[in-house]
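Take a look at the structure below.
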Amino acid sequence: MTLTNFMDVFINRYACKHFDATKKINSEDFMTIMEAARLSPSSFGFEPWKFLLIENEQIKKNLRPFAWGALNSLDGASHFVIALSRKALTAESDYAKHIIEDVKGIPLEQAQKQLAFFQQFQANDFKLLDNHRTLFDWSSKQSYIPLANMMTAAQFLGIDSCPIEGFNQQQVENYLTSQSLMDDKQFGVSYMVSFGYGATERPQKKRQKMSEILQVIP
Ligand SMILES: Cc1cc2nc3c(=O)[nH]c(=O)nc-3n(C[C@H](O)[C@H](O)[C@H](O)COP(=O)(O)O)c2cc1C
């Protein structure tokens with residue numbers, strides 16, 4: 001792939017507002033998009049995310065009253081994903097131990113220094129332990145990295161996408177919890193994202209100039 005082709009992916013991606021409901025993404029392409037999420041980096045490598053692929057039409061219907069920014073996607077997108085982020089990821093949590101032992105393959109006894117460092121980072125450097133909201137927001141920040149990677153991967157495959165924050169977070173969390181689709185002690189909802197094929201022309205890209213966003217410090 002040339003640099004021009006690579007940059008075309010970024011130039012051509014846009015937040016798709018109207019999907020062609022007759023066009024479906026094949027499962028191989030969708031799994032490539034999800035692989036881009038899975039391989040994303042995260043602070044300390046704790047991967048504080050989980051993705052719900054909502055295929056159930058009744059659930060989509062039930063989400064509509066709380067998800068004004070997702071209505072176009074719920075109407076026509078091929079795939080509709082809700083991204084959850086961890087609320088209780090601390091050095092003492094079972095989840096941190098699971099990642100260290102089961103994912104990274106490091107015996108817990110050998111990870112004590114690393115965990116102590118993580119604890120001091122959360123407590124002092126980033127002050128994440130002051131309240132639950134701070135911890136969730138920190139996890140959420142990590143989860144937006146897979147969002148960007150998923151949308152870029154989709155565009156590379158010629159698939160359109162729409163990132164979505166247009167919903168009432170509390171109502172969506174209450175609904176998913178009431179359906180046992182989410183444990184609200186462990187997770188909150190960060191965003192939704194849809195994938196499919198656009199039904200209308202892509203709009204012209206409008207952005208600030210490079211000189212407005214890049215300040216070079218010589
Ligand atoms: C975190 C985030 C949340 C967004 N929420 C919505 C949304 O709820 N509904 C929607 O139609 N677009 C949503 N957008 C799309 C933005 O409006 C769009 O990305 C922005 O205007 C830039 O346009 P472009 O993506 O087409 O280049 C969201 C974008 C981001 C990054």
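Sort 193, 216 so that the residue with the fewest other Cβ atoms within 10 Å of its own Cβ comes first and the one with the most comes last.
Numbers: 193 25, 216 5.
Listing 193, 216 from fewest to most nearby Cβ atoms yields 216, 193.
Segment 108-139 and segment 12-73 have their alpha-carbon centroids 29 Å apart.
The residue 75 and residue 185 beta-carbon pair, evaluated with R₀ = 45 Å, returns a calculated FRET efficiency of approximately 0.85. Gyration tensor analysis over the Cα atoms of the chain returns equivalent ellipsoid semi-axes of 31, 23, 17 Å (largest first, whole Å).
Sorting 73, 27 by the number of Cβ atoms found within 10 Å of their own Cβ, with the fewest placed first, yields 27, 73. Most simply put, the chain has about 95% antiparallel DSSP beta bridges, counting only bridges with both residues inside it.
What does the charge count near residue 166 come to, summing +1 for each Lys or Arg and -1 for each Asp or Glu among other residues with Cβ under 12 Å from its Cβ?
Net charge around residue 166: +1.
Net charge within 15 Å of residue 137 by Cβ-Cβ distance, Lys/Arg positive one each and Asp/Glu negative one each, not counting residue 137 itself?
Neighbourhood net charge equals +2.
Stretched out straight at 0.36 nm per residue, the stretch from residue 213 to residue 178 would grow longer than its current Cα-Cα span by 8.3 nm. Maximal additional length on extending the residue 23-residue 97 stretch stands at 22.4 nm, based on 0.36 nm per residue less the C-alpha distance.
Sorting 138, 49, 68 by the number of Cβ atoms found within 10 Å of their own Cβ, with the fewest placed first, yields 68, 138, 49. Taking 7 Å steps out from each Cα toward its Cβ at residue 202 and residue 129 produces label points 4.6 nm apart.
How much length, in nm to one decimal, is gained on full extension between residue 145 and residue 57, taken as 0.36 nm per residue of separation minus their Cα-Cα distance? Intermediate results must be reported in sequence, preceding the final value.
Values: separation 88, 0.36 × 88 = 31.68 nm, distance 2.78 nm.
That works out to 28.9 nm of additional length.
So which of 17/87; 24/61; 97/127; 50/127; 127/206; 17/205 end up more than 26 Å apart, counting from Cα to Cα? In this structure, 17/87; 127/206 lie more than 26 Å apart at Cα.
As a calculated quantity, the FRET efficiency between residue 4 and residue 50 at R0 = 41 Å, using C-beta atoms, amounts to about 0.70.
Need one word for segment 115-218: rounded, prolate or oblate. Basis is the Cα gyration tensor (sqrt eigenvalues a ≥ b ≥ c); a/c below 1.5 gives rounded, then a/b vs b/c decides. Could you put the intermediate results ahead of the total?
Values: a/c = 2.43, a/b = 1.20, b/c = 2.02.
Oblate, since a/c reaches 1.5 and b/c is not below a/b.
Read-outs: derived from the displayed coordinates by stated rules, not from any lab. All of these numbers come straight from a predicted model, not from anything done at the bench. In this analysis, Cβ positions are derived from the backbone assuming ideal geometry, glycine residues included, and neighbour counts consider all displayed protein chains.
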